[in-house]
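Heads up: the structure comes next, in structure tokens.
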Amino acid sequence: MTPAVRVRFGDLAREFAELQPACSAAIERVLGRGWFVLGDEVRGFEQEFAAWVGARECVGCGSGTDALTLALRALEIGPGDEVITVANTCGPTVVGIENAGARVRLVDAEPGSLMLDVAGLEAACTPRTRAIVPVHLYGAAVSMDPLLDVARRRGLRVVEDCAQSHGSTWRGRKTGTFGDIAAFSFYPSKNLGAAGDGGACVTDAPGLAERLRQLRNYGQSSRYTHATRGINSRLDELQAALLRVKLPHVERMNRRRVAIAARYAVLAATSAGVRPLELAADVGPVHHLYPVRHRRRDELQTFLRSRGIETFIHYPIPIHRQPAFADLGYRPGSMPVAEQAAGELLSLPMHPWLTEGEVDAVIEAVQAFARAERAA
Ligand SMILES: *Cc1c(COP(=O)(O)O)cnc(C)c1O
């Protein structure tokens, strides 16, 4: 019999319990107004989110995946073009790029941080390469200064995948402000999440924002005039209204994640075999996830499950080993860092509503596993 879950990996019902009156008022406001797509709430959220990120423009859309596609299309990147990203990311990064019609080229991850390894970029460039999509995975940040150097030297565009990095920084500057466009997701479990799907592009270029607004709305420049071939990918008023309720709380919730991570950091010294990621001092993380590495990851996960602690693996199969992406043409062994990490990573419970007692329970269980291993 599987024991009851005592520490859940995520718990959005606790968030709603905290913000309930404001969320309910927002929903009633939208229903009462009777306007549901691209209205005042979306416009208001776009302004507030752009200001929060520190960008001039924000364009809401249907998902983080669509945000990546729209960003590349706004930059006129598509069929015949290549876009570089990292083998250690989740599938939608690649889906978003391929939906623009471009071909994905991969680089391996850095051994310590598991972020995109900037040292591999030059070798992955071909005459068809048009853009780099750095993924600020786990709520950390890619080494942006060296990445931007390569982009500048090679004349490449940069579209940041910020789906896991709302508020994280590189050398004190927020992720999402480095590239030509940044793609955000508001999938419910992200650091800023809607009550359904949602996404956004942010940019400093008003011309790109204008193109993004057309592309997300069937390519229309004004009602019934199609300036370009677009898609339907819009943020709706209900999601925008809920995101406006939650946005003022993101910094506080990120601080709570950082405090929990600081407590988990004790594991490196007290649990032999458990290795947290090694992030550069340049990174100000917001800990969307808290992955640790262990050679006997599956046993650790089973042990934690037996103690009622829910964990997940991010990610068990690197991009180039996925059945769907076999035709990208990468052999097994070609991305050694991402491949080894996939067998060792385990994400511990991480969300702002974890109690101190729950954090204690996770730490004690991981320590107990390490003790039992040493005794064996
Ligand atoms: C969640 C996520 C996406 C996709 O976002 P959706 O809103 O689910 O489409 C893309 N990239 C990364 C790194 C993600 O974590």
Legend entry - Within a Gaussian network of the chain (alpha carbon springs, distance under 10 Å), most fluctuating of THR225, THR302, THR355: THR225
Legend entry - Simple label model, 7 Å out from Cα along Cβ direction - TRP353 to ARG43, nm: 3.3
Inset, instruction - Using R₀ = 30 Å, calculate the FRET efficiency as 1/(1 + (r/R₀)^6) where r is the Cβ-Cβ separation of VAL266 and ALA123; round to 0.05. - result: 0.20
Legend entry - Ascending count of other beta-carbon atoms within 10 Å, so fewest first, for THR129, THR270: THR270, THR129
Inset, instruction - Report, in debye and to the nearest 20, how large the dipole of segment 93-190 comes out about its Cα centre when Lys and Arg carry +1 and Asp and Glu carry -1 on their Cβ. - result: 300
Inset, instruction - Only bridges with both residues in the chain count here: give the DSSP antiparallel percent, nearest 5. - result: 60
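What does the charge count around ALA195 come to, taking other residues whose C-beta lies under 11 Å from its C-beta (Lys +1, Arg +1, Asp -1, Glu -1)?
Value of the local net charge: -2.
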Legend entry - Among TYR264, TYR224, TYR290: highest mean-square fluctuation, GNM of the chain, C-alpha pairs under 10 Å: TYR224
Legend entry - Exposure proxy ranking, count of Cβ atoms within 10 Å, fewest first, for TRP353, TRP35: TRP35, TRP353
Inset, instruction - Between ALA26, ALA227, ALA341, find the one with the highest GNM mean-square fluctuation for the chain; connect C-alpha pairs within less than 10 Å. - result: ALA227
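What is the sum of charges, Lys and Arg at +1 and Asp and Glu at -1, for the other residues whose Cβ falls under 12 Å from the Cβ of GLU310?
Net of charged neighbours comes to +2.
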Inset, instruction - Post the alpha-carbon centroid distance, segment 31-99 to segment 328-376, in whole angstrom. - result: 31
Legend entry - Nearest-0.05 FRET efficiency for ALA368 and GLN220, computed from C-beta distance (R0 51 Å): 0.30
Legend entry - the chain - mean residue ellipticity at 222 nm from DSSP helices (-39,500 (n - 2.57) per run, n ≥ 4, rounded to 500): -12000 deg cm²/dmol
Inset, instruction - Could you size up the charge dipole of segment 249-375 around its Cα centre, putting +1 on the beta carbon of Lys and Arg and -1 on that of Asp and Glu, and report it in debye to the nearest 20? - result: 120
Legend entry - Unit charges on C-beta of K, R, D, E only; dipole of the chain, Debye: 40
Inset, instruction - Quick one: pull the percentage of alpha-carbon pairs in the chain with a separation above 38 Å. - result: 19
Legend entry - Anisotropy class of segment 249-375 from Cα gyration tensor, a/c 1.5 cut: oblate
Legend entry - Positive-end residue, segment 156-240 charge dipole about Cα centroid, Cβ charges, pick of SER168, LEU238, ILE181: ILE181
Legend entry - Sites ASP145 and SER24, calculated FRET efficiency, Cβ-Cβ separation with R0 51 Å, nearest 0.05: 0.70
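Read-outs throughout are calculated quantities, based only on the coordinates presented, and are distinct from any laboratory measurement. Please read all numbers here as calculations on a predicted model, not as lab measurements. FYI the Cβ positions are ideal-geometry reconstructions off the backbone, even for glycines, and counts take in every protein chain you see.
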